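Remarks on the structure that follows.
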Amino acid sequence: MAKSGRRARQTTQATKVESVRVARGSEVHFHYIKSHAFRVVHVDGIHGGPTPDGSGIHMAMFNERIPIAQEEIYSISSEGRLGALKSKTGRQGIVREVEISALLSLKAARALYGWLASMIAKAEEMTVIRAKVEAKIEAELKAK
């Protein structure tokens, strides 16, 4: 039984290798599948640095917000309605909620660096175009 299981694994691995070889000669299809943990996050900043052994980069992405109250105490009016806030407890300062932590190889970090530079250039170009369109619309509205 062990031998047949090993042969099945070897056949599967060989099939994977063959499909990659064929793909290199013509084209490769990449399929993007969202994991069960997929979500969209807002990022205000990044904290991190090189990994301890220097083989990569660690980055923790966070959002910033005012702290949410841990407790609020309100008075109740004689009519049974919510009255004035009497006291509030909670954190002071600014909360940096870490949303995701990523470990990148140097190769992946360089690719991210290049991709970000490209996306920044495109976004800046779009901002200039949008400003021109908005100025034109505003001028046309004033002319009416």
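Since every read-out is calculated from the coordinates, none of them should be taken as a lab result. All of these numbers come straight from a predicted model, not from anything done at the bench. Cβ sites come from the backbone with ideal geometry, for glycine too, and all protein chains shown count toward neighbours.
Taking loop as defined by DSSP and a crowding limit of 12 other beta carbons within 10 Å, which trypsin sites (Lys or Arg not before Pro) in the range 32-101 fit?
Here the trypsin sites (Lys or Arg not before Pro) that fit, given the DSSP loop and packing criteria, are K34, R39, R81, R91.
D for the range 32-143, whole µm²/s, Stokes-Einstein with Kirkwood Rh over alpha-carbon pairs at 25 °C and 0.890 mPa s: what number?
It comes out at roughly 126 µm²/s.
What net charge is computed for the residues neighbouring R96, neighbours being all others with C-beta under 15 Å from the C-beta of R96, Lys and Arg scored +1, Asp and Glu -1?
In short, -2.
Could you name the aspartates and glutamates whose alpha carbon sits less than 18 Å from that of K142, not counting residues in the same chain fewer than 8 places away?
Once the sequence-local aspartates and glutamates are set aside, what remains near K142 is E134.
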